[in-house]
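The values are calculated or read from the model by the stated rules, or taken from the named source; none is laboratory data. All values reported here derive from a predicted model rather than from experimental measurement. Counting neighbours? That spans all protein chains shown, and the Cβs are built from the backbone with ideal geometry, glycine included.
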Amino acid sequence: MANFRDLVESVVDRLPWGLRKLARRFASFVDVHGFSALFVSKPTFRGVYSSFTDVHGSVDLVKHELASASVTNLTSVRSDVATGLPLLDQHRELLPATVALLATRRHPLTILDFGGAAGIDFRILLNALPSADVTYCVVDLPEVCEKARPLWSGESRISFQSALPEQATFDLVYSWSAIHYVSEPLNLLRRFTQYRPLAILIVGSPFTSGKAFVREQLNRSKPFPQWVLSLPEVRDMFASCGYRLALHAVHEHDYNVDGYPTEYRVPNSTSLLFLSNDR
């Protein structure tokens, strides 16, 4: 698979600039939505539910698929020709920016990355801040951790574990496109505050200004549930725990939600940065 990707990339690199841009957008679209989405208006999501138990399927059904994808994503990041730095998408630059600001106040900086896969954001962080003085803990599925650990065997700053630490403190809690796959996301976010971090950065999760709901995700080999969280509910919960919303941004990348009525139409993902009122 890696050799095939390299072959495709070498062909794309030889195309004129306009065609090269088009080809990469096409490849990204097919990777996320599937080839059939080019010809059939197949939705990415289905249904409106009140809990995960109402959906037939779970993340456990695709955990091995997700573990393999985490390694592929780590090893296939494209780099800028001029600088050699990784090309970032979907607000991944927010983590290095946040770390750079927090590092002026705390050394070393301890980071919890919930749903951090094979450490792709740690790699991006080190490229952006080569001298970063950090300790980085990734929490993800056991299958993901098993595949990820050998990839970082020579790097002491990163560790992987399959459950949240019981007794620990972190300066920054970070999660990229993960909290909405947890059956009780508000409880998870409240748990984040118990680590008493300076900041909590949530990137790439769907939020609505209305009522939270569950929908069924269809763009993997098997369907599984995800939450669309209520921003007012999440903001109020964080406020009750001593955190204020400092950043709210929405990603340009969108998904097909044509089958939903207006009040449940949430095509984009959101980034939120919460800062402690005490620090």
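For residues in region 89-140 being part of a loop (DSSP other than H, G, I, E, B) and of a type in the set (Gly, Ala, Ser), which is farthest from GLN167 (Cα to Cα)? Ranking the qualifying residues of region 89-140, first place goes to SER131.
In a residue-by-residue description of region 151-160, the property of being in a loop (DSSP other than H, G, I, E, B), farther than 21 Å from SER271 by Cα and among the hydroxyl-bearing types (Ser, Thr, Tyr) applies to at least one position. Has region 181-202 got any residue that is part of a strand (DSSP E or B), at pLDDT 95 or above and under 14 Å from GLY116 (Cβ atoms)? Within region 181-202 (the criterion being part of a strand (DSSP E or B), at pLDDT 95 or above and under 14 Å from GLY116 (Cβ atoms)), the answer is yes, since at least one residue qualifies.
Restricting attention to region 69-83, does a residue exist that is closer than 23 Å to ARG191 by Cβ and crowded, with 18+ Cβ neighbours inside 10 Å? The answer is yes; a qualifying residue exists. Would region 84-93 turn up any residue that is under 14 Å from VAL173 (Cα atoms), modelled with pLDDT of 90 or more and in the same structural domain as LYS63 (by TED's automatic domain parsing)? No: region 84-93 contains no residue that is under 14 Å from VAL173 (Cα atoms), modelled with pLDDT of 90 or more and in the same structural domain as LYS63 (by TED's automatic domain parsing).
The residues of region 196-223 that are over 18 Å from GLU263 (Cα atoms) and small (Gly, Ala, Ser), listed by number, are ALA199, GLY204, SER221. Cβ-Cβ contacts under 6 Å between residues 6 or more apart (or on different chains), taken from a first residue in region 159-180 that is assigned by TED's automatic domain parsing to the domain that holds TYR195 to a second residue that is among the charged types (D, E, K, R) and assigned to a strand (DSSP E or B), are listed as TYR174/ASP113.
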